[in-house]
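For reference, the structure is listed below as structure tokens.
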Amino acid sequence: MDRIVVRGGGPLKGEIAISGAKNACLALMPATLLSDEPLTLTNAPRLSDIRTMSLLLESLGAEISTMQNGKVIAMSSHSAQNHIAKYDIVRKMRASNLVLGPLLARHGHAVVSLPGGCAIGARPMDLHVSALEAMGAQIELRDGYLHAQAPRGLRGAQIALRFASVGATENIVMAASLAKGVTVLSNAAREPEIVDLVECLRRMGAQIEGEGTDTITIQGVDRLHGATHPVIADRIETGTYMLAPAIAGGEVELIGGRMDLLGAFCEKLDACGIDVSETPKGLRVKRRNGRVDAVNVVTEVFPGFPTDLQAQIMAVMCTANGVSFLEERIFENRFMHAPELIRMGARIDVHGGVAKVTGVEKLRGAPVMATDLRASVSLILAALAAEGETVVSRVYHLDRGYERVVDKLRGVGARIERVKEDG
Ligand code: EPU
């Protein structure tokens, strides 16, 4: 198993290219199941989660080929007849549940394993299930699998989500695209990945309005056709690399980075002393003074501060001037990075959903363990500013969501390398 070794210190300088968004791509890929014509995605990120979604779709009978070294994914579900998403794959990646809506809409039946809990929380699927039931599906849980059928097809419905779930919104929008009649989804998620999915579905012939607001209206159509769609830039990767000069100093330009995808995150950066400006190629990010100022953060749905950047801002707050309170409101168990950061000399007290971080002048390198994707990268950020060497193990978490993270950080002068366990 590989490890990442980081020697901290020194300001960063240079450019980092932002990849296509993992979470957009993971929602766009299952859309292939909605049509018997090809769907091609460009600007796809090269990540293990994307390979897992490919395997899942292939297990359902889709044909998938990649071009340009994985950046282009060509999919065809022309002869995809299987409708069982097996536990073996679903348990590896929760986004696998995004095949439920498309399978049900296209075939009238689907059997999808319940994913179970994961490192950051329980992550149930009740919102997906009750919405599809409102659209006429009958769904029951047997042997750990959701058995769903809609023998007479799905029909449009008025659906109000109890919580603006990203995955439930994606499943509902895809299913409703092929349902009979109109679906009005209120309290829909507004994340940019939803907007990207709707844009793709529209290219495939879907009739959808209101994406990016809390009410999405979908007029079902009889069939969807093929399309080519570019995956939106990864806002979480962008935010992560914006925090690299925040903690290590220096100035970086994020090629393809977009401020409009970052909502409240950019306001927090300004408040803690980071300058962000738009350039013709993306975003330039620079730390104003020696140390950032402490800011309080509450994670919320978009455009609030994203839960997927909470671990990374915590790393930055570890060396801030003052005390910050970080409140996690989306997932119940998303502070697993705190004990690892403490091993590097951070002062963090976690009580329930709130972490109190008292900034220290210096972190010190240590052996640490990655526990989930965003936690892993927060340890790398902390290591960039720490004195001495940090060794991050279990880096397969990083491979799920950060394309070529070592190369990208080396490109701006970080002293970081990937080594084999025995090497
Ligand atoms: N929830 C329910 N019932 C449901 C669905 C969700 O109670 O039926 C709860 C969850 O338990 C959680 C909250 O709602 O507490 C948020 O879940 P949501 O459905 O919005 O999240 P998701 O679709 O499972 C996506 C991203 C996550 C990101 C969240 C929140 C993908 C593939 N994953 O997950 O990304 O944190 O939205 O923005 O899009 C990551 O990339 O590291 C990651 C975890």
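Only the coordinates and a few stated rules stand behind these numbers; no lab work does. Note that this is a predicted model, so its numbers are computed, not measured. Note that we place each Cβ from the backbone using ideal geometry, even for glycine, and neighbour counts take in every protein chain shown.
Treat every Asp and Glu Cβ in the stretch 197-287 as -1 and every Lys and Arg Cβ as +1, leave all other atoms uncharged, and give the resulting dipole magnitude about the Cα centre to the nearest 20 debye.
Numbers: 10 positive and 14 negative charges, 47 e Å.
Here the size comes out at about 220 debye.
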Dipole in debye (nearest 20) - the chain, about Cα centre, beta carbon charges: Lys, Arg +1; Asp, Glu -1: 580
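Can you tell me the order of 397-410, 184-197, 341-354, 5-18 when each peptide is scored by its average per-residue count of other Cβ atoms within 10 angstrom, highest first?
On the way: 397-410: 20.7, 184-197: 22.5, 341-354: 16.9, 5-18: 18.7.
Output ranking for 397-410, 184-197, 341-354, 5-18: 184-197, 397-410, 5-18, 341-354.
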Working from the pairwise distances between different alpha carbons, so that the mean of 1/r is found and then inverted, what is the stretch 207-343's Kirkwood radius in Å? 16.7
Less than 14 Å Cβ to Cβ from Q138, Lys/Arg counted +1 and Asp/Glu -1: what total charge do the surrounding residues give? +1
Over 30 Å between C-alpha atoms is what I'm after, so list which of K281/K420; K362/K420; K86/K180 land there. K281/K420
Round to a whole angstrom and tell me the spacing of the C-alpha centers of the stretch 267-307 and the stretch 115-156. 38
Using packing as a proxy for protection, rank 77-85, 309-317 so that the peptide with the highest average count of other Cβ atoms within 10 Å comes first. 309-317, 77-85
For the chain, how big is the tail of P(r) above 37 Å, as a whole percent of Cα pairs? 23
Which whole-number percent of Cα pairs in the stretch 155-267 have a distance greater than 17 Å? 59
Going by average Cβ density within 10 Å per residue, which order do the peptides 36-42, 136-142 take, highest to lowest? 36-42, 136-142
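How large is Rg/Rh for the stretch 321-423, to two decimals, with Cα atoms and a Kirkwood Rh?
Working: Rg = 14.1 Å, Rh = 14.5 Å.
On the Cα set of the stretch 321-423, Rg over Rh gives 0.97.
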Backbone HN-Hα couplings from phi across the stretch 278-283 [Karplus 6.51/-1.76/1.60, Hz, Gly and Pro as x]: 7, 10, x, 9, x, 10
Fraction in percent of alpha-carbon pairs per bin - 5 Å, the stretch 173-226: 5, 24, 33, 25, 11, 2
Suppose we take every Cα in the stretch 22-230 and form the convex hull; what volume per residue is that in Å³? 100
Report, to the nearest 10°, how far helix 192-203 tilts away from the longest principal axis of the Cα atoms in the chain, using its own Cα long axis and a range of 0 to 90°. 40
Counting only helical runs of four or more DSSP H residues, what would the 222 nm mean residue ellipticity of the chain come to if each run contributes -39,500 (n - 2.57) and the total is spread over all its residues? -8500 deg cm²/dmol
Once the dipole of the chain is set up with Lys and Arg at +1 and Asp and Glu at -1 on Cβ about the Cα centre, which of V405, N82, L161 lies farthest towards its positive end? V405
Note, the stretch 92-100: 3J(HN,Hα) by Karplus (6.51, -1.76, 1.60, θ = phi - 60°), whole Hz, Gly/Pro = x, goes 6, 8, 5, 4, 4, 5, 6, 8, 4
Hey, if you put +1 on the Cβ of every Lys and Arg and -1 on every Asp and Glu Cβ in the chain, which of V5, V111, A248 ends up farthest toward the positive end of that dipole? V5
Cα radius of gyration and Dmax for the stretch 1-76 (Å): 16.1, 53
For the chain, with the dipole built from +1 on Lys and Arg beta-carbon atoms and -1 on Asp and Glu ones, taken about the Cα centre, which of N289, V198, M174 lies farthest toward the positive end? N289
Between the alpha carbon centres of the stretch 220-265 and the stretch 325-393 the gap in Å comes to 23
Counting sequence-distant residues (5 or more places) and residues on other chains, those with an amide H built under 5 Å from that of T228 are T40
Give me the Å³ per residue figure for the convex hull around the C-alpha atoms of the stretch 15-145. 116
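Given charges of +1 on the Cβ of Lys and Arg and -1 on the Cβ of Asp and Glu, with all other atoms neutral, how large is the dipole of the stretch 266-417 about its Cα centre, in debye to the nearest 20?
Details: 21 positive and 20 negative charges, 85 e Å.
Using Cβ point charges on Lys, Arg, Asp and Glu, the stretch 266-417 gives about 400 debye.
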